[in-house]
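Only the coordinates and a few stated rules stand behind these numbers; no lab work does. Because the structure is predicted, anything quoted here is derived from the model rather than measured. Cβ atoms come from the backbone with ideal geometry, glycine included; neighbour counts cover every protein chain shown.
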Amino acid sequence: MNVAYAYPWDIVGDPSAPSRLAELGVEAVALAASYHSTRAATPYHPAHRVLDVPYSAFYLPVRSSSWGRLTPASPTWTPTDAFLQARDALKAVGLQVHAWTVLTHNSFLGGVHPDLVVRNAFGDPYPYALCPAYEDVVEYCEHLVSEILAVGEPDGLILEACGPMGFGHQSVHEKTAGADWTSVHSDLLTLCFCTACAPRYPEGTRDRVRATIDGPPARAVTSPAETSFVPASASPAPTSPPSPATVEAALGPLADDVRAVRVDLSASLRTRLIAVARKTAPNVPITLHANPDPWAASSFAALPTGEPGADVLVGNCWGDPTSDAARLAKLGELCEPGQRVGAYVLALPPRPADGQALAEQLRTYAKAGATDFHLYHAGLASPHRLASMAEALRLIH
């Protein structure tokens with residue numbers, strides 16, 4: 001199945017949008033039902049070219065009786081029932097509509113409920129990241145899935161951020177690169193030590209993480225003349241021990257227990273949401289944005305042992321195609337009979353607007369086991385990029 005991703009505001013108010021998406025050669029549109037804040041280009045829309053989305057919102061009517069402590073916000077930049085309006089317009093041209101559901105990535109609710117967000121080993125909060133170790137957060141996600149299926153009546157359900165978010169986040173004016181943290185440091189800064197998570201780890205985990213991030217004090221290279229005056233430009237560079245090569249090396253004997261805690265956060269949330277989805281809409285297929293890496297934390301949550309309750313496992317394919325293909329192959333190994341693997345393919349910069357190059361990537365992912373292609377993003381793409389998407393899909397069939 002070929003799926004194009006889009007926002008409700010890409011369709012609402014633009015009568016030409018549904019046919020334009022259908023002409024891509026996709027069978028379905030992944031339409032955002034709940035989504036985080038963003039600043040989005042709208043290259044085709046007759047009413048605007050740039051849309052500021054200042055907070056996370058729910059794009060169906062918010063029925064207050066259906067929510068608990070956490071209630072999502074309604075948008076002001078598009079109609080409060082924008083998902084329903086866009087859904088009907090897309091279905092009118094023969095497209096399926098899959099509800100693109102962002103779960104724990106919600107800066108609005110994180111700002112209102114700072115006691116429920118991820119906190120790193122230093123106690124720093126990540127307001128964009130609701131922590132699924134809290135029952136209030138899990139219940140919110142359950143209500144989200146239930147409402148989308150009951151009110152939105154989509155043809156499919158796509159679960160994104162089905163687990164804890166991590167350190168990496170494209171927040172406003174991101175200023176973290178200069179710290180020179182490695183990917184291992186980023187993974188360690190992803191570990192949550194909120195009041196619900198911290199007691200689950202073995203004793204000494206927080207101290208070990210903090211010590212690895214900060215490292216021992218750097219030592220200057222000594223020489224017999226080190227006490228003499230040396231101009232700053234000629235001062236020897238400080239040296240420090242090399243950083244650990246893996247998270248396992250950084251955590252040492254604690255790694256297995258810490259990893260089990262992290263994997264369980266995603267698995268337990270996933271299990272509860274699939275149960276709600278099957279109860280509410282038994283025949284609606286469920287797609288998971290997933291990563292076989294047990295340390296994964298972000299929109300593609302850790303899924304190292306598979307998930308038999310899902311219909312499609314989608315892996316991120318925004319990086320090196322060879323590495324992405326290996327990730328897809330691993331997801332394929334985790335699949336039960338009848339499950340499918342999908343490739344979440346970037347068709348925006350820095351990828352070229354080149355249909356043949358995109359088709360070659362799709363062939364690479366197909367060889368790795370992908371049968372579904374999820375194209376990101378049909379609403380943000382220029383006319384040239386949309387044409388490239390359509391060309392690529394024609395070339396692989």
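Note on Val172 and Arg49: the extension gain reaches 42.3 nm, defined as 0.36 nm multiplied by sequence separation minus the Cα-Cα distance. Relative contact order, whole percent, for the range 274-397 stands at 21, derived from Cα pairs under 8 Å and 6 or more residues apart.
Taken one residue at a time, the phi angles of the range 360-373 give Karplus couplings (6.51, -1.76, 1.60, θ = phi - 60°) of 5, 5, 4, 5, 4, 5, 5, 5, 7, x, 6, 10, 10, 10 Hz. Gly and Pro are set to x.
Note on the chain: with charges restricted to the Cβ of Lys and Arg (+1) and Asp and Glu (-1), its dipole about the Cα centre is near 220 debye. Once the C-beta distance of Glu135 and Leu348 is scaled by a Förster radius of 30 Å, the resulting FRET efficiency is 0.20 to the nearest 0.05.
Determine, for each peptide in 118-130, 350-362, 287-299, the mean count of other beta carbons within 10 angstrom over its residues, then list the peptides with the highest first.
Top to bottom by mean Cβ count within 10 Å: 287-299, 118-130, 350-362.
For the range 150-189, list residues with backbone N below 16 Å from a point placed 7 Å from the Cα of Ser323 toward its Cβ? Residues 168-169, 181-188 qualify, since their backbone N sits under 16 Å from the label point. In a DSSP loop and with at most 16 other Cβ atoms within 10 Å, there are no trypsin sites (Lys or Arg not before Pro) in the range 244-333.
When mean projected area of the Cα convex hull in nm² is computed from the coordinates, the matching label among [x] 25.6; [y] 23.9; [z] 22.5 is [z]. From most to least packed by mean Cβ count within 10 Å, the peptides 247-254, 158-165, 60-67 give 158-165, 247-254, 60-67.
Looking at the chain alone, DSSP beta bridges between its own residues are antiparallel in about 25 percent of cases. Legend: calculated FRET efficiency, Gln85 to Asp257, from the Cβ-Cβ distance at R0 = 56 Å, rounded to 0.05, equals 0.70. With the dipole of the chain worked out from charges on the C-beta (+1 for Lys and Arg, -1 for Asp and Glu) around the Cα centre, which of Leu31, Leu103, Ile158 lies farthest toward the positive end? Towards the positive end, the residue furthest out is Leu31.
Placing +1 on each Lys and Arg Cβ and -1 on each Asp and Glu Cβ, with no other charges, gives the range 256-367 a dipole about its Cα centre of roughly 320 debye.
Per-residue Karplus couplings for the range 259-265, computed as 6.51 cos²θ - 1.76 cosθ + 1.60 with θ equal to phi - 60°, are listed in order as 4, 4, 4, 5, 5, 5, 4 Hz, Gly and Pro entered as x.
Run down the lysines and flag those whose C-alpha is under 28 Å from the C-alpha of Lys91, throwing out any fewer than 8 positions away in its chain. Straight-distance partners of Lys91: Lys279. Seen against the Cα atoms of the chain and their longest principal axis, helix 205-214 is set at about 80 degrees. Each 10 Å bin from 0 upward holds the following percent of the Cα-Cα pairs of the range 282-358: 19, 48, 25, 8, 0. Spin-label pair Asp214-Lys367: with each label point 7 Å from Cα along the Cα-Cβ axis, the two points sit 4.9 nm from one another. Using C-alpha pairs under 8 Å with a sequence gap of at least 6, the mean separation divided by the residue count of the chain gives a relative contact order of 16 percent. For the range 144-161, putting each phi into the Karplus relation 6.51 cos²θ - 1.76 cosθ + 1.60 with θ = phi - 60° gives couplings of 4, 4, 4, 5, 4, 6, 6, 8, x, 6, x, 7, x, 10, 10, 9, 10, 6 Hz, in residue order, rounded to whole numbers and with x for Gly and Pro.
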